[in-house]
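Peer 1: Before I ask anything, let me first share the structure, which is written out below as structure tokens.
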Amino acid sequence: EEEEEEEEAPTLVEMQPSDGKYRNKQRCLMIASRGVTSRYRHLLEDLRTLVPHHKKDSKLDVKHGDNGGVGRAVNEIANIKSCNTVVFLECRKRGQDAYLWMGYTSTAAATNPGVNSNGGPSAKFHVSNVHTMDELRMTGNCMKGSRPILTFDDSFDSLDHLKMLKLMFVDVFGTPRGHPKSKPFVDRVMGFYYVDGKIWLRNYQILEEQAANAKEAAEKKQGGLNTQLVEIGPRFVLDPIRIFGGSFGGPTLYQNKNFVSPNVKRAERKRGKGKMYEDRKRAQESRKIRNENIVVPADPLDSVFR
């Protein structure tokens, strides 16, 4: 029995020191559709700042029914630019609703066995509670192009669809080691938290307390000084809608049954306002009928003081 337990014990993998070469060649295409508002345009620029291995292109002006739709156009641009992953931001209803597409392209199939030959899987999110860096004006700051530490809560290791999204987030937001535009420093943390069925994203600076005198310098050597996290921004919330087996389509691997479309929410609010109007009109009619039915008895003393 002891020999079987020893055989089942996992073997530790020794980490090789970095030689400084760019081996994990990841490229992410970050593009938006025509008609995005200024808030979401600034959000996409903030994401490009956080992802030094991104590739960008002009706004995409393609309708969903034109020769394969948006998915085919985005995949063609990604293949031209040799991008492994893609982040596509689109707005609907005149900028009221924002949707974020994230997935793998056919280029990633050569290096990643889990990716389909035609691209995929891909995920569609609804974006809400968006706050950009300029809007927040947080005190946190970090070096542009530095590599982040990606942190995930326990839900990303227990739920199946979150396991897939975790791998996707690592490939998109994780800066490859040795990238020409990256800096060999780790001074920020990106957090992914699953709360209320939604994914909350935060970006923090790793702030180490500096020693002001010799005493604090001695404490720092012993690990006495504190290390704090200061938020940088941006912050936003992703509500998973559906995960597809292909790139921008294909068989459905996961569907969020608790997701309610913003159109349905707006229709319910308008329906509630319409009900309030109907109740008010009904009250006015009942008051009018009640006033007509009221009969005041004649007062015999009315003619006395004329």
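Peer 1: For a Förster distance of 51 Å, can you work out the FRET efficiency between the beta-carbons of Asp160 and Arg280, rounded to the nearest 0.05?
Peer 2: Efficiency, rounded to the nearest 0.05: 0.50.
Peer 1: Which whole-angstrom value gives the distance between the alpha carbon centres of region 172-196 and region 34-58?
Peer 2: About 17 Å separates the Cα centre of region 172-196 from the one of region 34-58.
Peer 1: Take peptides 290-298, 96-104, 49-57 and line them up by average Cβ neighbours within 10 Å, highest first, as a rough protection proxy.
Peer 2: Descending mean neighbour count gives 96-104, 49-57, 290-298.
Peer 1: With all protein chains present and a 1.4 Å probe, how do Lys265, Lys257, Lys81, Lys288 order by accessible area, largest first?
Peer 2: Solvent-accessible surface, decreasing: Lys257, Lys288, Lys265, Lys81.
Peer 1: For an R0 of 41 angstrom, estimate the FRET efficiency from the Cβ-Cβ distance between Asn213 and Leu136 and round to the nearest 0.05.
Peer 2: Rounded to the nearest 0.05, the efficiency is 0.75.
Peer 1: Given a 1.4 angstrom probe, I'd like the percentage of the accessible area of the chain that is carbon and sulfur, rounded to a whole number.
Peer 2: Within the chain, the accessible surface is 49 percent carbon and sulfur.
Peer 1: For Thr227 and Gln96, what does the FRET efficiency come to when R0 = 35 Å and r is the distance between their Cβ atoms, rounded to the nearest 0.05?
Peer 2: Working: r = 41 Å, r/R0 = 1.17.
Efficiency at R0 = 35 Å is approximately 0.30.
Peer 1: So, one more: Picking from Asn293, Gly274, Val304, whose Cα lies most toward the positive end of the charge dipole for region 267-306 (charges on Cβ: Lys, Arg +1; Asp, Glu -1)?
Peer 2: Of the options given, the answer is Gly274.
Peer 1: Treat each spin label as a single point 7 Å out from the Cα along the C-beta direction, and report the Ala110 to Arg48 distance in nm.
Peer 2: Here the modelled spin labels are 2.5 nm apart.
Peer 1: Next up: Out of all DSSP beta bridges in the chain, what portion is antiparallel? Express it as a percent rounded to 5. Spell out each step's value before the answer.
Peer 2: Details: 42 of 57 bridges.
In the chain, DSSP labels about 75 percent of beta bridges as antiparallel.
Peer 1: OK, next. Counting other Cβ atoms within 10 Å, which GluC sites (Glu not before Pro) in region 176-275 have at most 11 and lie in a DSSP loop?
Peer 2: The qualifying sites: there are none.
Peer 1: Taking the alpha-carbon set of the chain, what are its Rg and Dmax in Å?
Peer 2: Gyration radius and largest Cα-Cα distance of the chain: 29.0, 120 Å.
Peer 1: Using alpha-carbon pairs under 8 Å, 6+ residues apart, how would you state the relative contact order of region 154-306 in percent?
Peer 2: Once divided by the residue count of region 154-306, the mean separation gives 13 percent.
Peer 1: Once the Cα gyration tensor of region 115-199 is found, what semi-axes does its equivalent ellipsoid get, as square roots of 5 times the eigenvalues, in whole Å, sorted largest first?
Peer 2: With the √(5λ) rule applied to region 115-199, the semi-axes are 24, 19, 13 Å.
Peer 1: When ligands, DNA and RNA are left out and all protein chains stay put, how many square angstrom of accessible area per residue does the chain have with a 1.4 Å probe?
Peer 2: Computed with neighbouring chains in place, this is 64 Å² per residue.
Peer 1: Towards the positive end of the charge dipole of region 192-288, with charges on Cβ (+1 Lys, Arg; -1 Asp, Glu), say which of Tyr194, Gln255, Val230 has the farthest Cα.
Peer 2: Gln255
Peer 1: For region 162-306, how big is Rg over Rh, using alpha carbon atoms and the Kirkwood form of Rh?
Peer 2: 1.44
Peer 1: Taking Lys144 as the anchor, which lysines have their alpha carbon closer than 21 Å to its alpha carbon, excluding any fewer than eight residues away along the same chain?
Peer 2: List returned: Lys21, Lys25, Lys55, Lys56, Lys181, Lys183.
The values are calculated or read from the model by the stated rules, or taken from the named source; none is laboratory data. Computed from a predicted model, the values in this text were never measured in an experiment. Cβ sites come from the backbone with ideal geometry, for glycine too, and all protein chains shown count toward neighbours. The protein model used for the area step is the full one, side chains on, heavy atoms only, and it has no ligands, DNA or RNA in it. Shrake-Rupley method; radii C 1.70, N 1.55, O 1.52, S 1.80 Å.
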